[in-house]
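Q: Dropping a structure here in structure tokens format, bear with me for questions.
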Amino acid sequence: MITSLIMSTLLSVHSAFVPPALIPMPGYVTWKEGNFTLSNQTTLAAPKSQDDLAQQFQSWVKPGTGLELPISSRAKASSISLSLNSGLTQLGPEGYRLSVNSRGVKVTAAGRAGLFYGLQTLRQLLPVHTFGSVASSEAISIPCVEIEDHPRFAWRGAMIDPARHFIPKAAVLQFIDVIALHKLNHLHIHLTDDQGWRIEIKKYPGLTDQGSIRKAPAIGDGTAHAGFYTQADLRQIVAYAASRFITVIPEIEMPGHAGAALAAYPQYGNTGKILEVKPDWGVHGDIFNPSMETIHFLQDVLTEVMEIFPSKFIHIGGDEVPKEQWIANPAAQAQMKQLGLKNPDELQSWIIKQMDTFLANHHRRLVGWDEILEGGLAPGATVMSWRGISGGIKAAQSGHDVVMAPTDNTYLDYYQSQDTAKEPAAIGGFLPLEKVYSYEPIPSELTPEQAKHVMGVQGQLWAEYISTPSHLQYMAFPRLCAISEVGWSQPAARGWDSFVIRLNRHLPRLAAMGINYRRLDANLVR
Ligand code: ACM
């Protein structure tokens, strides 16, 4: 509100001034008179320890400007300076101050993530051509401004699903660049499912030798499909994301969505039958059995996963587990009785608890979809609430952390128009931009103390119907722009009308970056 007041005041003073569109909207923005001009005389001044951040800024602007801004550890007359300042700890590890006057630019923050976000905001103050890959000699004028900013939520995520359709590594890296521009900081990668196992596990080569290949589906795109990431690929993705302050959260599905793993290792299933990697979508009945051998197999997998992914959180899936095979499997029934468990829900809960303890012993934390509440929540578990918000409410009320990912507001695999004939085939649903933007992650049912357990919000890009990087971008943007603002901006700093105006001026940046975003509906074009 403060921001829009200042904007409108300034607009009436200099009617020609159109402030650059900032997404997500910062907390405090005060536009000033005058400009700073970026030129080949501009130095990036950063202490040696922040050199890598200066280098990233240099690499962002070079293709579109031809400028190779020199990096120096000493501030020059005309410079963009980066410095850590322990006096800014009240802004948190991701907060920053950005100050532009006619002589130069200063980015200050208590932590490196804050410097990075300050640079991302600075980037959004530059003209659109600087986002492109063709060097232009147009002048680069940055309006003078004072910004102070920090995120509302610690978890601002996007989930991708290479299990259903493999996403080449280069496309994942490009996706990371674009979500980093929006100050998202978690990339959840759904690595295993019925239709494919996409992570190399050295102890169980069959998982990728057999589990990464499926024959053509009866429905869908009608093509056979294969692909997986080597451990080296995943380490590269993790490092690339980390340098952009994004934590990659791996998901290994259990005990359901296990079809690809069971195609390779049927001994961990319930039926003894030879299985194929599922060529069709939907929820399948082939699930892991609850034996100790299977627990050890899954923990072996998690051991290799933890060696690749340094994230505090490891996602174990836990969603959509049909229990019929446990009911029909005498060994599963015997295990249930021996453990003194009353029903299959408690058996599922027991498996999740084995993983929770295992991960805790390795100084990690378990996160799972909200079905992990059924049969009793494991003590250290964090819940990703997808079937609405009730799972998130229940978990937060019982003192567990939650990430809000409800279908109604965050399933970005849903249609973007009710006129589905004009859209690429999608899984169903209807989730227009406005509905994503209107989402409030803190349920009104929670007390302020319980609300602290809401770590943030995440957009889901399930990929049954998303088979190319370009289609992934089409489903992701601009709805992830909305998620970024829901996750970052304080409610008082944001509003739909302002977002639409800013988005109209933001989308050409994505176009310049070569991103196939979905064009705005005609009624939103300003
Ligand atoms: C889910 O959509 N099955 C988490």
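The values are calculated or read from the model by the stated rules, or taken from the named source; none is laboratory data. What you see is a predicted model; the values in this text were computed from it and never measured. Note that we place each Cβ from the backbone using ideal geometry, even for glycine, and neighbour counts take in every protein chain shown. Ligands, DNA and RNA are stripped out before the accessible areas are found, and what is left, the full protein with its side chains, is counted by its heavy atoms. Shrake-Rupley method; radii C 1.70, N 1.55, O 1.52, S 1.80 Å.
Q: Go through the stretch 217-226 residue by residue and tally those that are more than 30 Å from residue 344 (Cβ to Cβ) and either among the small types (Gly, Ala, Ser) or surrounded by fewer than 15 Cβ atoms within 10 Å (Cβ to Cβ) (or both).
A: Result for the stretch 217-226: 6.
Q: Tally the residues that are assigned to a helix (DSSP H, G or I) and open to solvent by 10 Å² or more (accessible area, probe 1.4 Å), restricting the search to the stretch 243-269.
A: Here the count works out to 5.
Listed here are the residues, each with its yes/no results for (1) within 16 Å of the ligand (Cβ to nearest atom); (2) under 21 Å from residue 475 (Cβ atoms); (3) in contact with an Asp or Glu (Cβ under 9 Å, 6 or more places away or on another chain).
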position: 187; (1), (2), (3): no, yes, no
position: 191; (1), (2), (3): yes, yes, yes
position: 232; (1), (2), (3): no, no, yes
position: 255; (1), (2), (3): yes, no, no
position: 263; (1), (2), (3): no, no, yes
position: 271; (1), (2), (3): no, no, yes
position: 284; (1), (2), (3): yes, no, yes
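Q: Taking only the stretch 12-48 into account, find how many residues are open to solvent by 80 Å² or more (accessible area, probe 1.4 Å) and either within 18 Å of residue 183 (Cα to Cα) or among the small types (Gly, Ala, Ser) (or both).
A: 4
Q: Further, regarding this structure: If a residue must be open to solvent by 10 Å² or more (accessible area, probe 1.4 Å), part of a helix (DSSP H, G or I) and not β-branched (Val, Ile, Thr), how many such residues does the stretch 122-153 contain?
A: Residues meeting the conditions: 3.
Q: Among the residues in the stretch 343-353, are any touching a Lys or Arg at 6+ places or on another chain (Cβ under 6 Å), closer than 30 Å to residue 411 by Cβ, at pLDDT 95 or above and more than 16 Å from the ligand (Cβ to nearest atom)?
A: yes
Q: Here's another thing I want to ask about it. Suppose we filter 229, 240 for residues that are in contact (Cβ under 8 Å) with a residue 60 or more places away in the chain, touching a Leu at 6+ places or on another chain (Cβ under 9 Å) and surrounded by fewer than 21 Cβ atoms within 10 Å (Cβ to Cβ); which single one remains?
A: 240
Q: Quick one: which of 164, 156 is open to solvent by less than 50 Å² (accessible area, probe 1.4 Å), more than 17 Å from the chain's Cα centre (by Cα) and within 26 Å of residue 473 (Cβ to Cβ)?
A: 164
Q: Name every residue in the stretch 52-71 that is under 18 Å from residue 121 (Cα atoms), touching a strand residue (DSSP E or B) at 6+ places or on another chain (Cβ under 9 Å) and open to solvent by 20 Å² or more (accessible area, probe 1.4 Å), in order of residue number.
A: Within the stretch 52-71, 55, 58 qualify.
Q: A further question follows. Take the residues in the stretch 320-329 that are of a type outside the set (Gly, Ala, Ser) and assigned to a helix (DSSP H, G or I), then tell me which one is farthest from the ligand (Cβ to nearest atom).
A: The qualifying residue farthest from the ligand (Cβ to nearest atom) is 327.
Yes/no per residue for (1) away from the ligand (no atom under 16 Å from the Cβ); (2) open to solvent by less than 30 Å² (accessible area, probe 1.4 Å); (3) at pLDDT below 95:
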site: 420; (1), (2), (3): yes, no, no
site: 438; (1), (2), (3): yes, no, no
site: 446; (1), (2), (3): yes, yes, no
site: 454; (1), (2), (3): yes, yes, no
site: 460; (1), (2), (3): no, yes, no
site: 470; (1), (2), (3): yes, no, no
site: 474; (1), (2), (3): yes, no, no
site: 480; (1), (2), (3): yes, yes, no
site: 485; (1), (2), (3): yes, yes, no
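Q: Which of the numbered conditions does residue 506 fail, given that it passes all the others? Conditions: (1) open to solvent by 60 Å² or more (accessible area, probe 1.4 Å); (2) in contact (Cβ under 8 Å) with a residue 40 or more places away in the chain; (3) farther than 30 Å from residue 192 by Cα.
A: Tallying (1) open to solvent by 60 Å² or more (accessible area, probe 1.4 Å); (2) in contact (Cβ under 8 Å) with a residue 40 or more places away in the chain; (3) farther than 30 Å from residue 192 by Cα, residue 506 fails exactly one: (1).
Q: Could you check, for the stretch 309-319, whether at least one of its residues is over 27 Å from the mean Cα position of the chain (by Cα), away from the ligand (no atom under 16 Å from the Cβ) and open to solvent by 40 Å² or more (accessible area, probe 1.4 Å)?
A: The answer is no, given that none of the residues of the stretch 309-319 is over 27 Å from the mean Cα position of the chain (by Cα), away from the ligand (no atom under 16 Å from the Cβ) and open to solvent by 40 Å² or more (accessible area, probe 1.4 Å).
Q: Follow-up. Within the stretch 346-374, which residues are open to solvent by 60 Å² or more (accessible area, probe 1.4 Å) and closer than 17 Å to residue 395 by Cα?
A: 353, 365, 374
Q: If you scan the stretch 330-348, which residues turn out to be in a helix (DSSP H, G or I) and of a type in the set (S, T, N, Q)?
A: Listed by number, the residues that qualify are 333, 335, 338, 348.
Q: Contact list please: Cβ distance under 6 Å, first residue in the stretch 388-407 and among the charged types (D, E, K, R), second residue open to solvent by less than 10 Å² (accessible area, probe 1.4 Å) and within 14 Å of the ligand (Cβ to nearest atom), pairs at least six apart or on different chains.
A: Nothing qualifies.
Q: Can you name the residue in the stretch 422-436 that is in contact (Cβ under 8 Å) with a residue 24 or more places away in the chain and touching a helix residue (DSSP H, G or I) at 6+ places or on another chain (Cβ under 8 Å) and, of all such residues, is farthest from the ligand (Cβ to nearest atom)?
A: Among residues in the stretch 422-436 that are in contact (Cβ under 8 Å) with a residue 24 or more places away in the chain and touching a helix residue (DSSP H, G or I) at 6+ places or on another chain (Cβ under 8 Å), the one farthest from the ligand (Cβ to nearest atom) is 434.
Q: If a residue has to be within 14 Å of the ligand (Cβ to nearest atom) and either out of contact with any Leu (no Cβ under 8 Å at 6 or more places or on another chain) or within 15 Å of residue 354 (Cα to Cα) (or both) to count, how many in the stretch 368-388 make the cut?
A: 12
Q: Which one of the conditions (1) closer than 30 Å to residue 231 by Cβ; (2) without any contact (Cβ under 8 Å) to a residue 60 or more places away in the chain does residue 97 fail to meet, given that it meets all the rest?
A: (1)
Q: If you take the residues in the stretch 389-418 that are of a type outside the set (Ser, Thr, Tyr), under 19 Å from residue 447 (Cβ atoms) and open to solvent by 40 Å² or more (accessible area, probe 1.4 Å), which one is nearest to the ligand (Cβ to nearest atom)?
A: Across the stretch 389-418, the extreme among qualifying residues is 389.
Q: Then there's this: Tell me which of these residue 306 doesn't satisfy, since it passes every other one: (1) part of a loop (DSSP other than H, G, I, E, B); (2) at pLDDT 95 or above; (3) not hydroxyl-bearing (Ser, Thr, Tyr).
A: (1)
Q: Which condition breaks for residue 470 when tested against (1) assigned to a helix (DSSP H, G or I); (2) within 26 Å of residue 367 (Cα to Cα)?
A: (2)
Q: Taking residue 491 and the conditions (1) more than 16 Å from the ligand (Cβ to nearest atom); (2) open to solvent by less than 40 Å² (accessible area, probe 1.4 Å), which numbered condition does it fall short on, given that it satisfies the others?
A: The single condition residue 491 does not satisfy is (2).
Q: Quick test for you: out of 88, 82, 119, pick the one residue that is in a strand (DSSP E or B) and open to solvent by less than 20 Å² (accessible area, probe 1.4 Å).
A: Criteria check complete, one pass: 82.
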